[in-house]
Amino acid sequence: MCLIVVAWRQHPKFPLLIAANRDEYHARPTRPSQFWPDHPQLLAGQDLSQGGTWMGVTRAGRFAAITNFRDPELTQAPANQAQQPRPSRGALPLSFLLSAMTPDLFLAELATQRQDYAGYNLLVSDGHTLACGGNAGPAAQRLAPGVYGLSNARLDTPWPKVQRAKAAMAQLLKSGQVSHESLANTVSNHTPAKAGELAALGLEGEFDSALSAQFIQAGAYGTRATTTLMLGADEGIFWRETSFDAAGEVCGEAEFET
C-alpha cells in the first residue's frame with residue numbers, strides 16, 4: 001500500500017507539489033534517497049531487492065512515482081508466464097526518469113507491455129505534462145491542473161485516506177504555507193477509516209483497517225518513508241525523505257535542494 005497526493009499547477013512558484021508515503025515490509029532492503037552514483041542526474045531511493053525505485057526526480061525536472069494496484073487478478077501472472085518471475089514494477093519509474101520521452105509517448109509504449117507486470121499505477125511528468133497510466137484502468141491519462149490522490153486503486157478512487165489527503169492539500173494551498181512539514185502533514189494521519197467506510201469499499205478485517213490509515217503501522221509492514229517534493233520551473237527542486245522504523249519512529253532523513 002502507498003499514498004500520493006499531487007497538486008499540479010496549483011501553486012504560483014511550484015507547478016508540482018507532492019506528498020507521498022511508501023508502505024512496505026520493513027525487512028525489505030532499501031537505500032535512502034540520494035543522487036545515484038551511476039546516474040548523477042537522478043534523485044531517488046532504491047529498492048535493493050530488485051534495483052528499481054518507487055519515486056524519483058531528475059535535475060531536469062522529470063518526475064515519476066508508482067503504486068501497486070490492489071486487484072487479485074493483476075497479481076497473478078498470465079498462464080504462459082507462470083513459470084517465470086514477472087519484471088519488477090520499480091523498473092518503470094526508473095525507465096521514465098532515465099529517458100527523454102514525453103509522458104504521453106512513454107505511457108503509449110508501455111501500454112503494449114502493461115500485462116507483463118503485476119498491477120500498478122504510474123505517475124510521470126516531464127515538467128510540462130503530468131500523466132497517469134497503469135494496467136488496471138486507462139493506459140494513459142493526461143492530467144489537467146488540479147489536486148489528485150493515488151493509492152492502490154485507480155486515480156482519485158475515494159478511499160478515506162485519499163479523500164483526507166486531497167482535502168488537506170487543498171486547504172494547504174489556500175493557506176499559502178507550503179513547506180516540507182506542511183506537505184508531510186497531508187499524509188501523516190494515523191487514524192484508520194471507520195468500519196462503514198471500509199465496508200462500502202469491499203474492505204474488511206483487521207489488516208484492511210490498519211492499511212486504511214494514511215500512516216500505517218502493522219507490525220512487520222508499514223510506512224517506511226514520507227517524501228515531499230516542491231518542484232518549480234524556476235525555483236529548483238526541494239526534496240525531503242523521512243524514514244521510519246516499525247515503531248513509527250523517525251530513523252533517518254535526507255534533504256536535497258538544487
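List of remarks:
- Within the same chain, lysines fewer than 8 places from residue 161 are excluded, and of the rest, those with a Cα less than 18 Å from its Cα are 194.
- When 162, 250, 147 are sorted by how many other C-beta atoms sit within 10 angstrom of their C-beta, beginning with the fewest, the order is 250, 147, 162.
- Note: relative contact order over the chain, using C-alpha pairs below 8 Å and six or more positions apart, is 24 percent.
- A cut-off under 10 angstrom between Cβ atoms defines the neighbours of residue 187, and their net charge, with Lys, Arg +1 and Asp, Glu -1, is +2.
- Scalar couplings 3J(HN,Hα) for region 5-18, obtained by applying the Karplus form with A = 6.51, B = -1.76, C = 1.60 to θ = phi - 60°, are 10, 10, 10, 10, 6, 10, 10, x, 9, 10, x, 10, 10, 9 Hz; x denotes Gly and Pro.
- Per DSSP, loop GluC sites (Glu not before Pro) in region 162-249 with at most 14 further Cβ within 10 Å: 204, 235, 249
- For the chain, the mean residue ellipticity at 222 nm estimated from helices alone is -5500 deg cm²/dmol, where every DSSP H run of n ≥ 4 contributes -39500 (n - 2.57) and the total is divided by all residues, rounded to the nearest 500.
- Charge context of residue 100, other residues only, Cβ under 10 angstrom, K/R +1, D/E -1: 0
- Taking Rg and Dmax of the Cα atoms in Å as calculated from this structure, the corresponding entry among [x] 17.2, 53; [y] 20.6, 66; [z] 22.7, 85 is [x].
Values quoted throughout were computed directly from the atomic coordinates according to the rules given, and no laboratory measurement underlies them. Please read all numbers here as calculations on a predicted model, not as lab measurements. Glycine also receives a Cβ, built like all others from the backbone with ideal geometry; neighbour counts cover every protein chain displayed.
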